[in-house]
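First the structure, in the form of structure tokens, and then the observations on it.
The values are calculated or read from the model by the stated rules, or taken from the named source; none is laboratory data. Bear in mind that the values here come from a model prediction, so they are computed numbers and not experimental data. Neighbour counts run over all protein chains shown; Cβ positions are idealised from the backbone, glycine included.
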Amino acid sequence: MSDDHHHPHDHDHGSDSAHDRPLSGPALRVKALESLLAEKGLIDPKTLDEIVDTYEHRVGPRNGARIVARAWTDPAYRQRLLANATEAIAEFGFIESHAEDMVAVENTPQVRNLVVCTLCSCYPWPVLGLPPAWYKSDAYRARAVLDPRGVLKAFGQDIPEDIEVRVWDSTAEMRYLVLPERPAGTEGWNEEQLASIVTRDSMVGVGTVILPAGAGA
Amino acid sequence: MTISCPPEADRTVDLTALPALPRDDAGPVFRAPWEAQAFAMTLELHRRGVFTWPEWAGTLAEEIARAKAHDAWDDGSHYYERWLAALEALVARKQVVGTADLSQRVDEWDRAARATPHGQPVLLPQR
């Protein structure tokens, strides 16, 4: 049990008073804000639906997976990606006007990279879609810098001491994409096949790319 | 297989932690429609130049730090409440939507929602 359950009146978040409302506190506030902004001509509810759809279903981590797969199959593209990720990703047409720069960091047999945003949850949306809940959690944001090996272990990644772990703290201007190692057993795979096994976790750095059971057999 | 501090806050973490889970898209990214709406409004206001992305990220970071100072540890499930508070603060600071106007509109929506029979769309009265 978390502590606040013992002191239900100590933490009034404003929404507690809304328990008897048909719409919950935040849902009501969002509706109110949306209607005011729409009246001012600053948003169009239809555009909002399109944005949600894009990030939830069309982007996902698939854009990032295509970038990784190309870097694995095209050495020249890999060079461009590591030298200037913003431009290399723009070749796919994914980058939006978020004004942030992208940096690609490469995992090697000697180096593992881990991406976090300690302040909020800066995340490369155009390539990875929406961040998962754990990325936004205080636990991850606090521990990724203090104890990256512990965090990686929690994700099932036991990193030997002789492998260096680098932690990258994202900002509003700078986002990171991990270029994971290409797994053995994928020799001769084409870009599309490779993209299908690249996981979001591997591009944030908490996972590696593994062959699905049965593949490559 | 969790990020382990504190133990009670960890339930959302292990959903995606196991490499053997189905790849990607595991687990909900939005837990409620309002979260998605708040997210989309922010992107759209930025696209229209109401604020810059660093301004937004700064406001969100402030709000998260403020909330952390007196709220319990967040496992990520309160994240969009903080997001929404930051968005409200930023549009107020930019004098796009004032705090008083917003709370008045919240009350109007609340009254409309109460007056609407279950199953019907909630609409504000015509003015």
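Under the condition of being at pLDDT below 80 and within 30 Å of A:E187 (Cβ to Cβ), the residues counted in the stretch A:16-73 number 2. Scanning the stretch A:187-209 for residues that are surrounded by fewer than 16 Cβ atoms within 10 Å (Cβ to Cβ) and either basic (K, R) or in a loop (DSSP other than H, G, I, E, B) (or both) returns A:E187, A:G188, A:N190, A:S196. Taking residues in the stretch A:30-44 that are facing another protein chain (nearest Cβ under 7 Å) and within 12 Å of B:V50 (Cβ to Cβ), and partners anywhere that are assigned to a loop (DSSP other than H, G, I, E, B) and charged (D, E, K, R), the pairs with Cβ atoms closer than 9 Å and at least 6 places apart or on different chains are A:L42/B:R48; A:I43/B:R48.
A:P124 - would you say it is free of Cβ contacts under 8 Å to residues at least 60 places away in the same chain and not assigned by TED's automatic domain parsing to the domain that holds A:I51? Against the criterion (free of Cβ contacts under 8 Å to residues at least 60 places away in the same chain and not assigned by TED's automatic domain parsing to the domain that holds A:I51), A:P124 does not qualify. Here the condition is being surrounded by fewer than 16 Cβ atoms within 10 Å (Cβ to Cβ) and either at positive phi or of a type in the set (F, W, Y) (or both); of B:Q120, B:Q104, B:Q95, it holds for B:Q95 alone.
Starting from residues that are of a type in the set (D, E) and surrounded by fewer than 20 Cβ atoms within 10 Å (Cβ to Cβ), keep the ones in the stretch A:127-178 and report whichever is nearest to A:T54 (Cα to Cα). Among those residues, the one meeting the criterion is A:E173.
Annotation note: Cβ proximity below 6 Å between a residue of the stretch B:54-68 that is more than 8 Å from chain A (Cβ to nearest Cβ) and a residue that is buried (at least 17 other Cβ atoms within 10 Å of the Cβ) and part of a helix (DSSP H, G or I) (sequence gap 6+ or interchain) occurs for B:T59/B:A86; B:T59/B:L90; B:E63/B:R82; B:E63/B:A85; B:E63/B:A86; B:A67/B:R82. Within the set A:Y140, A:Y176, A:Y123, the sole residue that is within 9 Å of chain B (Cβ to nearest Cβ) and among the aromatic types (F, W, Y) turns out to be A:Y140.
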